[in-house]
Structure formats: C-alpha cells, structure tokens
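These notes concern the structure reproduced below.
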Amino acid sequence: MRTTRLLAVMMDLARLSTTTVHHLARRHAVSERTIQRDVAALIGMGVPIWTRTGPGGGVGLVDGWRSPITGMTAGELQALIIGVAGSRDLGLSEDLETARLKMLSSSSAQAAVLAPAQERFLLDHERWFTEPDRPAALTAVARAVWNGTRIRIDYARSGHPAVQRLLDPLGLVLKTDVWYLIAAHRRQVRTYRLSRVTSTHVLDDVAWRPPDFSLAEYWGRARAAFESSLNTLPVRLSIPISALDGLRAAVPGPETEESLRSARKSGDRLDVNLVMESLQIAAAQLLAVPGVEVHEPVELRSRLHRLGQDLAARHRVRPGHQQDSSDINH
C-alpha cells in the first residue's frame, strides 16, 4: 500500500544521511518514477527533503529535522502498524491515540492531511448482528508473540476434548473479527483459533522461528487451502441471465466469478458449473436464486424439489382468502 511505503521511505530518509532514488526504488521494489512521486508527496506533507542531481547528488532530509515517527514508543509504532481493530483488542488503543496526536501535532501540513481523513473515513471490521470475538487468551498470547517466548495452551476443538500443546508462537491474524494464532507445534506450522484456547501459560523459553518465515505468505497459503477444502461438491446448473446478481449474492466468492466467466449461454439462460460446500449448504444457497435449475448431482436436485414442495404446501392460499394486488409484486 502506498501509505505504508511513504512511511517506510520517510523512515529510510531519517535513518540515512543521504541516499539515492535508485537505492530506494530497489529497496521497496518499485520504479524510480514511483519513488520520485513518493518524495514529492512527502514534501507536500511538510517533510523537508532535499534532492540534488548529478554524480554527487541524491536525496535526504534537511539537517536537524526530526520525524515525528522516530519520537514514538514501541507500543505507539505497533499500534500504528496494526490499526484500529487490532489495537483495540490488544489493549493498544491509548498507544494508537497518542501516536495519532503526535502525527497531528508534528506539523500543520501533516495535520491538514490526517485530520480530515480521521473525520471522513472509518473502518468497521465487525460483522452485522454478531458479538465480536474477544478471546480471553489474546492478551497472554500477544505478549508471547511480542517477546518471542513459548506458550503452553489447552485447545478444545468443537466436539473434541481439550488437548495440551507446547507452541512456538509466530504471529497473530485478525480475519474480519476473528483472531487466529499462527504457531509451530513440534516445528510444524499450524493455525489455531484463539477462541478455542481454554488456558494459556507463557513460558520463559525462547520460541523457535523458521528461517525466512513470512506471516503474510503463510496466511495466504493457509486461507487458500482452507477455502478449497470446503468446496468439494461439483454442481451443474442453469439460471436465467436475469438471475446473475441473485447467484452472485447467494454464492459469493472468486470461484463463482471464475465459473461465470466460463459459463455457456443457451438462449436466455446460462449453464454454469460450480464447486460448492455440501448438499445442505448448496440447497440453502440455491433456493434463493430465481429460476435456478440444478442438473447434477441428482441428490441436490431432489433436495431442492422437496424443499420447494414443502414451501408450496405451507404457503398455499387458504380457501376463502381473497388475494389482491397488494400480495403481488409487479
């Protein structure tokens, strides 16, 4: 993200007495033109950056200027990186507010950029009509992650008795509003849902960490594997072209979009091949799609037939009931 890169470039300039656009471009894996635009943006925000061309040229900060970022504590920097949702759950809300105030008070130019953003944009990571996931183990586990120490937990999966695990914590992931611990058990990296941790004991032992471990890369692979493991039911169906939005709403996700791109048109209908989660879930999802017809599997077709018969029977107009235009959507 550009905001993250701007912060990183400013930190590089504060750390180095002088550097070059070429060096910054290589360090951040972008083009030199991108770095030039970043430098111009920082200058526009009030950061006093000098630039010189030629063999002895380069880019750097004016002597004596101190970045507000370098004056922040470790907790404040962590809160800035984690963001609002994570900072709240990890008890870093005060650190985040302090960091924000330092940024706002650093210069009038930066305040002019940051204050309107705070007032006009809000990120709400929590789902509608649900209680947020606030695991009791979060504080202790976060402390072990920060300090790089091992933990012993009791972990209870649904329908199974609790088991004890000695873990090397590697990172925490906040997915929507659910916390996950990424940790190594016997040097095998695994994912643990924190709400299933019933007890936690933080040890003094230094945790093992795989060389070159990337939390983002691991989570990307784990998420893709989990999503693909859920969808194991091949479904062949057809829908009216007018029901495209209905199918997207009932079965959201990139897999549906990919299937629609390869769908075959037949008159005013589309023949679509999907991979769905289970007979029960597929029936519940497809029941809401106008004009859907399932061709395979036969078990799903039969289940939808039974559900349709039940709905028709329960909603049959009673004798003597006069249906008027208010009952009909035109």
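Miscellaneous remarks
- Selection within the range 229-260 - assigned to a helix (DSSP H, G or I) and touching a residue at least 24 places away in the same chain (Cβ under 8 Å): LEU230, ILE241, SER242, ALA243, LEU244, GLY246, LEU247, ALA249, ALA250, GLU255
- Test: LEU311 is among the hydrophobic types (A, V, I, L, M, F, W, C) and either within 30 Å of GLN188 (Cα to Cα) or in contact with a strand residue (DSSP E or B) (Cβ under 9 Å, 6 or more places away or on another chain) (or both): no
- Taking (1) touching a Ser or Thr at 6+ places or on another chain (Cβ under 8 Å); (2) assigned to a strand (DSSP E or B); (3) under 30 Å from PRO169 (Cα atoms) in turn, ALA222 satisfies each apart from (2).
- In the range 89-166, counting only helices (runs of 4 or more DSSP H) that sit wholly within it, the ones holding 1 or more residues that are buried (at least 17 other Cβ atoms within 10 Å of the Cβ) and modelled with pLDDT of 90 or more span 138-147.
- Residue pairs meeting the criteria (Cβ under 9 Å; at least 6 apart or on separate chains; first assigned to a helix (DSSP H, G or I), in the range 36-55; second of a type in the set (Lys, Arg) and surrounded by 14 or more Cβ atoms within 10 Å (Cβ to Cβ)): ASP38/ARG5
- The strands (runs of 3 or more DSSP E) falling completely within the range 261-311 that include 2 or more residues that are crowded, with 16+ Cβ neighbours inside 10 Å map to 269-276.
- When the residues of the range 195-215 are filtered to those that are surrounded by 15 or more Cβ atoms within 10 Å (Cβ to Cβ) and in contact (Cβ under 8 Å) with a residue 60 or more places away in the chain, the one that is farthest from ALA156 (Cα to Cα) is ALA207.
The values are calculated or read from the model by the stated rules, or taken from the named source; none is laboratory data. On a predicted model such as this, the values are computed, not experimentally measured, just so you know. Cβ: placed from backbone, ideal geometry, glycine included. Neighbour counts: every protein chain shown.
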